[in-house]
2 protein chains.
Amino acid sequence: MSNQDDIYGDHISHQFNDELASLKEDFLHMGGMVEQQAADAIHALTNGDGELASQVRQKDKEVDRLELEIDEEATRIIARRQPTARDLRLVISVIKMVADLERIGDEAKKTAKLAMRLAEEGQAPRGYVEVRNIGRHVGQMLHDALDSFARLDSEQALEIIREDARVDEEYQGAARTLLTFMMEDPRNISRCMSVMWVLRALERVGDHACNIAEHVIFMVKGEDVRHASMEEAERVVGGP
Amino acid sequence: MSNQDDIYGDHISHQFNDELASLKEDFLHMGGMVEQQAADAIHALTNGDGELASQVRQKDKEVDRLELEIDEEATRIIARRQPTARDLRLVISVIKMVADLERIGDEAKKTAKLAMRLAEEGQAPRGYVEVRNIGRHVGQMLHDALDSFARLDSEQALEIIREDARVDEEYQGAARTLLTFMMEDPRNISRCMSVMWVLRALERVGDHACNIAEHVIFMVKGEDVRHASMEEAERVVGGP
């Protein structure tokens, strides 16, 4: 269910409409950037590409800059336009979600840092299959979360919240696998610890995608489903 | 330097003043609660107190509820009072900081969960000295961050940002110690991993305290020092 039309339809000021559209666009631009950062960090890790990892670390500064800019933009809209109801929900949600994007950027940076360390050590890969799988999963969640925001699609957002439980299971399984590698041979410990931190970072990316999805539901439905049960969230969205 | 007087002094509406004061108070109430949660979680862990750990996990629901309430309260103030300038900075900062408090609550809950697991396993403690030390350090940072908010004291806030680098060093040192325990005897691995997650959770508490401090500087000085260098933050605060 797409609600993108009615959110802009009823403003007297065209300029206000433009400002809200621009805020959305800037948020999605930043979202696209952190999505790429996360994908590049995982690619750098699993391919031992130190150069790409270094680029990810550099580019995090740009992500940080965008966070500040979007916060300023949102604050300016509140001060000048005094939005209420649905518009205010949009602006405040962007202020909340931009922090999630910045943290996803941080997790990508951490992953890139660990990728560089692992590339230098240059031993046999351990747990890379798990990193690739979970990386692909949370990457898709983030992509869908941004898409659900772009289309203000609360049902798609609900699906992301469902996925989060699956990622948690995958993460637990992967952590157990790595623990086994560590116990088999203490020489694996240091290396496996690095991969463990990467898995944790990816699991956090999934959490942040989930937070974004919860805000999308709030924007569309006006009800806050953070900390709610899955059943409660389903009721709010009025899903299948 | 305390700035608490002038933030309320110039409103025509007494009720608006009351609403801002109440928002601050509710934030500090939630802050006090997560401070206690973090302290209890560490105590539960280092004393093997499963009962206390269970209480911390239960109480996290209350923390979550406060997050939603304060967000609603802040949104209502924006919609009704249309604050600008310094007042708007206060309200938006509360919206940002309340997410940090909720995450500190989450880290306390994670720590409590690990405390219960470690209490059940009942083996010799490893790394508990480190947990206690870092726990005390980040607990103090959180306390000071809330205090700097209560008094709108940007110099105290700056001190917390300085502390964060020290906590990171302590964390790195503690992680190395645990890695050594793991390599010495593979039977330590599972247990040391749990303690490692606790250390990471505590390090995150320090990060969130630091975020709160950055928002206090923003509220007082009107300049955003997130992602700024220490020198830049010092310039903004105009400290020694």
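Counting only alpha carbon atoms, the long axis of helix B:189-221 and the longest principal axis of chain B meet at about 10°.
Derived scalar couplings between HN and Hα for the range A:81-93 equal 9, 6, x, 10, 6, 4, 5, 5, 4, 4, 5, 5, 5 Hz in order, rounded to whole Hz, by the Karplus curve 6.51 cos²θ - 1.76 cosθ + 1.60 (θ = phi - 60°), x for Gly and Pro.
Across the range B:23-40, computed HN-Hα scalar couplings (Karplus, 6.51 cos²θ - 1.76 cosθ + 1.60, θ = phi - 60°) run 4, 4, 4, 5, 4, 5, 5, 4, x, x, 5, 5, 4, 5, 4, 5, 5, 5 Hz from first to last residue, x flagging Gly and Pro. Using C-alpha pairs under 8 Å with a sequence gap of at least 6, the mean separation divided by the residue count of chain A gives a relative contact order of 26 percent. Relative to the other identical copies, B:Asn47 shows label-point distances of 5.4 nm, where the label point lies 7 Å from Cα along the Cβ direction and values run shortest first. Entry comment: accessible area of chain A is 42 Å² per residue, from protein heavy atoms only and a probe of 1.4 Å. Surface composition of the range A:155-240: carbon and sulfur atoms hold 47% of the protein heavy-atom accessible area at a 1.4 Å probe.
Summarising the rotation from chain B to chain A, the nearest chain B beta-carbon to the axis and its distance in Å are given as B:Gln82, 2. For A:Val225, list long-range residues whose amide hydrogen, built 1.01 Å from N in the peptide plane, is under 5 Å from its own amide hydrogen. So A:Val225 has HN proximity to A:Phe218. Listed by chain and number, the aspartates and glutamates whose C-alpha is less than 15 Å from the C-alpha of B:Lys113, apart from same-chain residues fewer than 8 away, are B:Asp40, B:Asp49, B:Glu51, B:Asp60, B:Glu121. Taking 19 Å as the limit for the C-alpha separation, the pairs B:Lys59/B:Lys109; A:Lys110/B:Lys61; A:Lys221/B:Lys59; A:Lys109/B:Lys221; A:Lys96/A:Lys221 exceed it in the case of A:Lys110/B:Lys61; A:Lys221/B:Lys59; A:Lys109/B:Lys221. Specify the angular offset, from 0 to 90 degrees and rounded to the nearest 10, of the alpha carbon long axis of helix B:154-184 from the longest principal axis of the alpha carbons in chain B. Relative to chain B, helix B:154-184 is tipped by roughly 10 degrees. In the assembled protein chains, A:Asp106 presents an accessible area of approximately 50 Å² (probe radius 1.4 Å). Within the shell defined by Cβ-Cβ distances under 12 Å, the residues around B:Ile77 carry a net charge of -3, with Lys and Arg each +1 and Asp and Glu each -1. The GNM of chain A, with springs linking C-alpha atoms under 10 angstrom apart, assigns the highest mean-square fluctuation among A:His137, A:His208, A:His29 to A:His29. Shown for A:Thr180: label points 7 Å from Cα along the beta-carbon vector, and their distances to the equivalent points in the other copies, 3.2 nm in ascending order. Stretched out straight at 0.36 nm per residue, the stretch from B:Glu169 to B:Glu25 would grow longer than its current Cα-Cα span by 48.5 nm.
For chain B, adding -39500 (n - 2.57) for each run of n ≥ 4 DSSP H residues and dividing by the number of residues yields -29500 deg cm²/dmol at 222 nm. The calculated FRET efficiency for the pair B:Asn133 and A:His14, based on their C-beta separation and a Förster distance of 45 Å, comes to about 0.15. Could you compute how much accessible area chains A and B hide from each other, both sides summed, with a 1.4 Å probe? Nearest 100 Å² is fine. Roughly 3300 Å² of accessible surface disappears when A and B pair. Rg/Rh, computed from the Cα trace of chain B with Rh as the Kirkwood radius, has the value 1.04.
When A:Thr180, B:Thr75 are compared by accessible surface with a 1.4 Å probe, the order from highest to lowest is A:Thr180, B:Thr75.
The values are calculated or read from the model by the stated rules, or taken from the named source; none is laboratory data. None of these values were measured; they are calculated from a predicted model. Don't worry about glycine lacking a Cβ; one is built from the backbone with ideal geometry, like all the others, and counts go over all protein chains shown. Note: accessible area is taken over every heavy atom of the protein model, side chains too, but ligands, DNA and RNA are not part of it. Shrake-Rupley method; radii C 1.70, N 1.55, O 1.52, S 1.80 Å.
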